[in-house]
Amino acid sequence: MSEPLARYPYEAPVTAYGNGGFRFADMSHRGSILCLPTGVFAWEPADPRALTVTDLARALADMKPQSVLLLGTGPTQIFPSAEVTRAFAAAQIGLEPMSTGAAARTYNILLGERRAIGAALIAVA
């Protein structure tokens, strides 16, 4: 797993999304992001249909069993491959695919409730 290009070292709610990026912690980032208990990371994937276990390796490594990763798949809900689903099941981490907007909103609510949560958010236009 290579080191990400950008990282914010704390959990942070997503305050805006769209136009190809996100706002969080009074900063903006163009492109997709991973919001994990270990921080917010730049994330390369742009096509939810092409996601692999390798793309989600950091989430699998950083999240604990019984936590949930919200998978924001762009403007519509797209289910991940069976390989990705099996990897999360084996790690005992819930995986919930939904549109990026729904994932960002749900992440903020659950983060505010101090739940064991993460989000992999593919940027939308």
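The values are calculated or read from the model by the stated rules, or taken from the named source; none is laboratory data. These numbers come from a predicted model, not from an experiment. Neighbour counts are summed over all protein chains in view; Cβ atoms, including those assigned to glycine, are modelled from backbone coordinates with ideal geometry. For accessibility, only protein heavy atoms count, side chains too; no ligands or nucleic acids. Shrake-Rupley method; radii C 1.70, N 1.55, O 1.52, S 1.80 Å.
Here are the numbers for the structure shown:
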read-out	value
Candidate set from segment 44-69 (those that are closer than 15 Å to Gly94 by Cα and among the polar types (S, T, N, Q)); member that is most open to solvent (accessible area, probe 1.4 Å)	Gln66
Residue in segment 74-94 that is surrounded by the fewest Cβ atoms within 10 Å (Cβ to Cβ), counting only those that are polar (S, T, N, Q) and farther than 15 Å from Val53 by Cα	Thr76
Residue that is most open to solvent (accessible area, probe 1.4 Å) [pool: residues in segment 6-16 that are assigned to a strand (DSSP E or B) and either modelled with pLDDT of 95 or more or small (Gly, Ala, Ser) (or both)]	Thr15
Unmet criterion (only one of (1) of a type outside the set (Ser, Thr, Tyr); (2) under 15 Å from Gly72 (Cα atoms); (3) touching a strand residue (DSSP E or B) at 6+ places or on another chain (Cβ under 6 Å); (4) surrounded by fewer than 16 Cβ atoms within 10 Å (Cβ to Cβ)) for Leu34	(4)
Boolean, Gly39 is crowded, with 20+ Cβ neighbours inside 10 Å, under 18 Å from Glu11 (Cα atoms) and under 12 Å from the mean Cα position of the chain (by Cα)	no
Hits in segment 17-27 (condition: touching a residue at least 12 places away in the same chain (Cβ under 8 Å) and either assigned to a loop (DSSP other than H, G, I, E, B) or open to solvent by 40 Å² or more (accessible area, probe 1.4 Å) (or both))	Tyr17, Asn19, Gly20, Ala25, Met27
